[in-house]
Amino acid sequence: EDKVVQSPLSLVVHEGDTVTLNCSYEVTNFRSLLWYKQEKKAPTFLFMLTSSGIEKKSGRLSSILDKKELFSILNITATQTGDSAIYLCAVRETSGSRLTFGEGTQLTVNP
Amino acid sequence: GAVVSQHPSWVICKSGTSVKIECRSLDFQATTMFWYRQFPKQSLMLMATSNEGSKATYEQGVEKDKFLINHASLTLSTLTVTSAHPEDSSFYICSARDRLAGGDTQYFGPGTRLTVL
């Protein structure tokens, strides 16, 4: 059974801090790993990673995948209160379209 | 970007009644849609995969007779919670894959909050 584990489950920081969120996975036939941000409603897409060692970057957010060690990290630099959300990691296998989600990391950024 | 809508956004119903939730892809065709359930402070749990023109594939532990899924067109999937009970109260989210774009990205709807009294 596919397994996605995120850590920490909860994180409280001050504005301006840098945070690193972790996602480890166990899947039979890995295809891709996706990061989502969920605020009050449904998740919004952040990144999709398929290759090891290639950093994806969008503004203050960046992510990288290590397919040998089976994990990914999501970095947020110079955090702002608007970054407060649940960050979800999901993996997809080569067969089928389903995503298996981790438990999420609840990030709270205090002013 | 691709937009997925859900209706209603919030529904309150009495125990024993049935509730239908619609999921629409507004500007793309989706042969596959997914239904998730999310309890407070928990992650998304996949309930079923809805395929246009065929029967839905349910995850283990999800009762297919209780959660009826219909995917009658390339832009619409419905989830009907039959004989709802308070334990069915949850946040139901659908997502869809763009048939033409391919790839792995799923676009999520805004979710439907169901409260069963």
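The values are calculated or read from the model by the stated rules, or taken from the named source; none is laboratory data. Source: prediction; values computed, not measured. Ideal geometry is used to build each Cβ from the backbone, glycine not excepted, and the neighbour counts take in all protein chains shown. Areas reflect the complete protein model, heavy atoms only, side chains present, ligands, DNA and RNA absent. Shrake-Rupley method; radii C 1.70, N 1.55, O 1.52, S 1.80 Å.
Just how large is the dipole of chain A about the Cα centre, in debye to the nearest 20, putting +1 at every Lys and Arg Cβ and -1 at every Asp and Glu Cβ?
Around 360 debye, computed over chain A.
In the elastic network of chain B, a GNM with C-alpha springs shorter than 10 Å, the most mobile of B:Thr49, B:Thr82, B:Thr17 is B:Thr17. Annotation: cysteines of chain B without a disulfide-compatible partner (Cβ-Cβ under 4.7 angstrom) are B:Cys13. If you count Lys pairs in the protein assembly as shown whose Cα atoms are under 20 Å apart, skipping same-chain pairs closer than 8 places in sequence, the total is 19.
Rounded to the nearest 100, the interface formed by chains B and A buries 1500 square angstrom of accessible surface, both chains summed, with a 1.4 Å probe.
Placing pseudo-labels 7 Å out from each Cα toward the beta carbon at A:Ser95 and B:Ile12 gives an inter-label distance of 4.6 nm.
The residue among A:Leu21, A:Leu107, A:Gly59 whose Cα reaches farthest toward the positive pole of the charge dipole of chain A, with charges on the beta-carbon of Lys, Arg, Asp and Glu, is A:Gly59.
Hey, what's chain B come to in accessible area per residue, 1.4 Å probe, Å²? Mind showing how you got there, number by number?
Details: 5680 Å² over 117 residues.
It amounts to 49 Å² per residue over chain B.
What FRET efficiency comes out for A:Lys68 versus A:Phe45 if R0 is 25 angstrom and r is the Cβ-Cβ distance? Round to the nearest 0.05.
Values: r = 25 Å, r/R0 = 1.01.
So, using R0 = 25 Å, E works out to roughly 0.50.
Excluding ligands, DNA and RNA, the accessible surface per residue across segment A:3-110 is 47 Å² with a 1.4 Å probe.
For the protein assembly as shown, the Cβ-based charge dipole about the Cα centre amounts to some 380 debye (Lys, Arg positive; Asp, Glu negative; other atoms uncharged).
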